[in-house]
1. Which shape class applies to the stretch 359-416: rounded if a/c is under 1.5, otherwise prolate when a/b exceeds b/c and oblate if not, where a ≥ b ≥ c are the square roots of the Cα gyration tensor eigenvalues?
2. Quick one: divide the alpha-carbon radius of gyration of the chain by 2.2 N^0.38 Å and tell me what you get.
3. Tell me, in nm to one decimal, what length is gained between residue 153 and residue 378 on full extension, where the rule is 0.36 nm per residue of separation less the Cα-Cα distance?
4. Can you give the FRET efficiency for residue 232 and residue 37, using 1/(1 + (r/R0)^6), R0 = 41 Å, r = Cβ-Cβ distance, to the nearest 0.05?
5. Multiply the residue gap between residue 385 and residue 145 by 0.36 nm, knock off their C-alpha separation, and tell me the result in nm, one decimal place.
6. Spin-label point model (7 Å from Cα, Cβ direction): what's the residue 174 to residue 71 distance in nm?
7. For residue 335, list long-range residues whose amide hydrogen, built 1.01 Å from N in the peptide plane, is under 5 Å from its own amide hydrogen.
8. Give me the accessible area per residue for the stretch 62-118, probe 1.4 Å, as a whole number in Å².
Amino acid sequence: MKKIATLIGLTTLLAAASQSSAATITLACGTVGQELQLCKDGAARWAKKTGNDVKIFESPNLTNDRLGLYQQQLAAKSSDIDVYQLDIVWPGLLAQHFVDLKGKVDLSGHFPGIVEANQVDDKQIAAPWFTDAGLLYYRTDLLKKYGYSAPPKTWAELATMAAKVQAGEQKTNKTFAGYVFQGKNYEGLTCNALEWLVSFGGGTVVDKTGKVTVNNAQAAKALDTAASWVGKISPKGVTTYDEEAARGIFQSGNAMFMRNWPYAWANGQSDESKVKGKIGVAPLPSGGARNAATLGGWNLGVSMYSKNQAAAIDLVKYLTGPEEQKIRAIEGTYNPTIPALYKDKDILKANPFFGSLFDVFTSAAARPSSPTKGKYNQVSQAFSTAVSSVLTGKQKGQAAVAKLSTDLARIKGRGW
Ligand code: GLC
């Protein structure tokens, strides 16, 4: 939590007119890609419409840091933040601090799976705002230059192609990388590694019934495969990269392939990008079992400690509604949680892969946050730590999954 969160006030034209009844709502939003700008813009539109005022609380980039900060606020029953942007894996960790939105926000038009993922014991902790799934970004110009007609379908193909392109490009650009991903030890590594495991048929660490399944040969093989990339097709430093670090390298023209979330598309196609017009998006490769993308996404919840719950709920209703989701999809490639918007012509024009990769979004693999409930964060940290030890060469896959299995059994205790 090194980053000091700042508060930026957004005053409205109408506020003066209805000052007596106007509320000031503080909205905590993310700052990855165009998140902050779009969050401010959306909040300002609501403020203008309703005569209320919104202050923006800038959250740190890493989801782990955000969680720590929010847990402190909530444990102190602080009323400083009214509306929180919540990660799809948090409801089980934070449920008791949020207002039940059931019957208060109409969620009938949203993907039912995402609505459910935001429920704990029948309580609607948050309303879906945008969804995420891991994608493979590639350079269309380099694909052609090196004689390939399509992006890789398997991890083995990716490794071969990345090695060839990297060797060629490094003749003139020493820093060029074959493949960049999120290899730092944090929640993003949990997301990347879950994709490797599922794509090799190695399960989801803990299955839907709460059983620890990670100690298996396919999971071990998946981790060893990823470790074989480090220092070969991926720079050694990949073990310190988060989403924005990987994006920076790819967007400045220094990588052939990148694993990232959809938001990287809007940034990659912007005028500041060196690879504008040279980017393709495909499903992540298979390890033999299937193509796997981890399900991510962010949702809006109202704090129980908010002193302005009615206005806060109204802000959530507005921001998660179709009009705002459309703007965010077009400007920042934040995937709507409303299926009907995937047929919207303007959205498809800005993000053609929303149509062609629709299945990737609807069949994404969930992290085991539902079965492990309030212990998910410990489970995820144990998992990413084990994965990190394999990526950095401290352990082989098999030893890592065996030890992780013991650690998870201890965390589980008599139950999740
Ligand atoms: C993205 C996802 C989120 C995930 C995070 C990991 O923000 O939407 O669900 O936890 O990345 O870094």
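The values are calculated or read from the model by the stated rules, or taken from the named source; none is laboratory data. Bear in mind that the values here come from a model prediction, so they are computed numbers and not experimental data. Glycine also receives a Cβ, built like all others from the backbone with ideal geometry; neighbour counts cover every protein chain displayed. Note: areas computed on protein heavy atoms with side chains; ligands, DNA, RNA excluded. Shrake-Rupley method; radii C 1.70, N 1.55, O 1.52, S 1.80 Å.
1. Working: a/c = 2.51, a/b = 1.17, b/c = 2.15.
Cα axes put the stretch 359-416 in the oblate bin.
2. Working: Rg = 21.4 Å, N = 416, 2.2 N^0.38 = 21.8 Å.
Scaled against compact globular proteins, the figure is 0.98.
3. On the way: separation 225, 0.36 × 225 = 81.00 nm, distance 3.31 nm.
Full extension from residue 153 to residue 378 adds 77.7 nm.
4. Details: r = 37 Å, r/R0 = 0.91.
The calculated FRET efficiency here is 0.65.
5. Working: separation 240, 0.36 × 240 = 86.40 nm, distance 3.82 nm.
So the extension gain works out to 82.6 nm.
6. Calculated label separation equals 4.3 nm.
7. Amide H to amide H, under 5 Å and 5 or more residues apart or across chains, residue 335 pairs with 131.
8. Details: 2140 Å² over 57 residues.
Per-residue value: 37 Å².
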